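What follows is one structure encoded as structure tokens, with my remarks underneath.
The values are calculated or read from the model by the stated rules, or taken from the named source; none is laboratory data. Nothing here was measured: the structure is a model prediction, and the numbers come from that model. Methodologically, a virtual Cβ is constructed for each residue, glycine included, from the backbone with ideal geometry; neighbour enumeration extends over all protein chains shown. Heads up: the accessible areas ignore ligands, DNA and RNA and are worked out on the full protein's heavy atoms, side chains in. Shrake-Rupley method; radii C 1.70, N 1.55, O 1.52, S 1.80 Å.
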Amino acid sequence: GQQVMQIPQYQHVQEGEDFTTYCNSSTTLSNIQWYKQRPGGHPVFLIQLVKSGEVKKQKRLTFQFGEAKKNSSLHITATQTTDVGTYFCAGSGKFYFGSGTKLNVKP
Amino acid sequence: DAGVTQSPTHLIKTRGQQVTLRCSPKSGHDTVSWYQQALGQGPQFIFQYYEEEERQRGNFPDRFSGHQFPNYSSELNVNALLLGDSALYLCASSAGSLYEQYFGPGTRLTVT
């Protein structure tokens, strides 16, 4: 079956440093969505990517969808303590969530 | 406008019992999906309901069943509970199956 893998599992950064999480699928995805889950909270939708090679930006967040539509990345520039949480990718209609990357930001 | 609501917030059940969890979607949404999230893991898709029918199903046994009502609200039923069913159960709604999902706060189920 379809699998979506995310790396790294954990990332500890100093406030102001950049952060990147990667999402890889064993099969081609029709689309990919990114979610953020704060500790004790529920996933919150960030963005959806559909087109091959698509790049979207939201303030300090940059999302990319690979040319082959099998991988994606989320990059945060100059992290802040408010960025703390677990970031999940979800492939092809949201059904397959990655294992998530837990981001901790030290002030 | 209320977002996705779920009830109850927490639930403790004994192994072998049955449980029903409830979800009301965000206003204007017609599609409801259920997920199981174990501690430290990503949400695992259980199934999705649209037009009162199960449209997609993940890799969960038949002990997991659901229902969607004409007002788009939904129930998740789990029979013959196992200790391994202890998890956070999340409901998500969307306007169709291809659009962004809005998650509810979840129901924390503990099976003892």
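May I ask for log10 I(q)/I(0) of region B:5-111 at q = 0.21 Å⁻¹, from a Debye sum over the Cα atoms as equal point scatterers with solvent left out?
Treating every Cα as an identical point scatterer, log10 I(q)/I(0) equals -1.09.
I'd like the Karplus ³J(HN,Hα) series for region B:82-88: coefficients 6.51, -1.76, 1.60, θ = phi - 60°, whole numbers in Hz, and an x wherever there's a Gly or Pro.
10, 4, x, 7, 4, 5, 8
Given the pairs A:K69/A:K106; A:K106/B:K26; A:K36/B:K26; A:K70/A:K106; A:K51/B:K26, which span a C-alpha to C-alpha distance of over 30 angstrom in this model? Can you show the working numbers first?
Values: A:K69/A:K106 33 Å; A:K106/B:K26 35 Å; A:K36/B:K26 19 Å; A:K70/A:K106 32 Å; A:K51/B:K26 27 Å.
Distance filter (> 30 Å) returns A:K69/A:K106; A:K106/B:K26; A:K70/A:K106.
For the protein assembly as shown, with equal point scatterers placed on the C-alpha atoms only and solvent neglected, what are the log10 I(q)/I(0) values from the Debye formula at q = 0.11, 0.14, 0.16 1/Å, to two decimals?
-0.54, -0.86, -1.08
Relative contact order, percent, of chain A when contacts are C-alpha pairs under 8 Å separated by at least 6 residues?
38 percent.
Find which of A:G100, A:S73, A:G41 sits farthest along the positive direction of the dipole of region A:4-106, computed with +1 on the beta-carbon of Lys and Arg, -1 on that of Asp and Glu, about the Cα centre.
A:G41
Between region A:83-103 and region A:1-33, what is the separation of their alpha carbon centroids in Å?
The distance from the Cα centre of region A:83-103 to that of region A:1-33 comes to 7 Å.
Testing the spin-label approximation: label points 7 Å from Cα along Cα→Cβ at A:M5 and B:L39. State their distance in nm.
About 2.7 nm, to one decimal.
On average, how much accessible surface per residue is there in the protein assembly as shown, in Å², for a 1.4 Å probe, leaving out ligands, DNA and RNA?
49 Å²
List the trypsin sites (Lys or Arg not before Pro) in region B:49-84 that DSSP assigns to loop (not H, G, I, E or B) and whose Cβ has at most 16 other Cβ atoms within 10 Å. Which are they?
Hits after loop and neighbour filter: B:R63.
Out of the total accessible area of chain B (probe 1.4 Å, heavy atoms of protein only), what percent is carbon and sulfur?
On the way: 2630 of 5450 Å².
Whole-percent figure for carbon plus sulfur exposure: 48.
Provide the per-residue ³J(HN,Hα) series for region B:21-38, in order, calculated from phi with Karplus coefficients 6.51, -1.76, 1.60 and θ = phi - 60°, each as a whole number of Hz, with x at glycine and proline positions.
10, 10, 8, 10, x, 5, 4, x, 9, 10, 10, 10, 10, 10, 10, 10, 10, 6
Under a point-charge model restricted to the Cβ atoms of Lys and Arg (+1) and Asp and Glu (-1), what is the dipole moment magnitude of chain A relative to its Cα centre, in debye to the nearest 20?
260 debye
Dimensions of chain A along principal axes (Cα, Å, largest first)?
Ordered largest first, chain A gives principal extents of 39, 26, 20 Å.
Provide the buried accessible surface between chains A and B in square angstrom, both chains summed, 1.4 Å probe, rounded to the nearest 100.
1300 Å²
Put +1 on the Cβ of every Lys and Arg and -1 on every Asp and Glu Cβ in the protein assembly as shown; which of B:A38, B:S65, B:G106 then has its Cα farthest towards the positive end of the dipole?
Highest projection toward the positive end goes to B:A38.
Across chain A, where is the longest run that never hits trypsin sites (Lys or Arg not before Pro) in a DSSP loop with at most 15 other C-beta atoms within 10 Å?
Longest gap between qualifying sites, sites excluded: A:1-50.
Once you list every other residue whose beta carbon is under 12 Å from the beta carbon of A:V44, what net charge do they have if Lys and Arg are +1 and Asp and Glu are -1?
Overall, the nearby charge balance is +1.
Can you give me the % of accessible surface on chain A that is carbon or sulfur? Probe 1.4 Å, all protein chains present, nothing else counted. Working shown, then result.
Values: 2650 of 5200 Å².
On chain A, the fraction of accessible area on carbon and sulfur atoms equals 51 percent.
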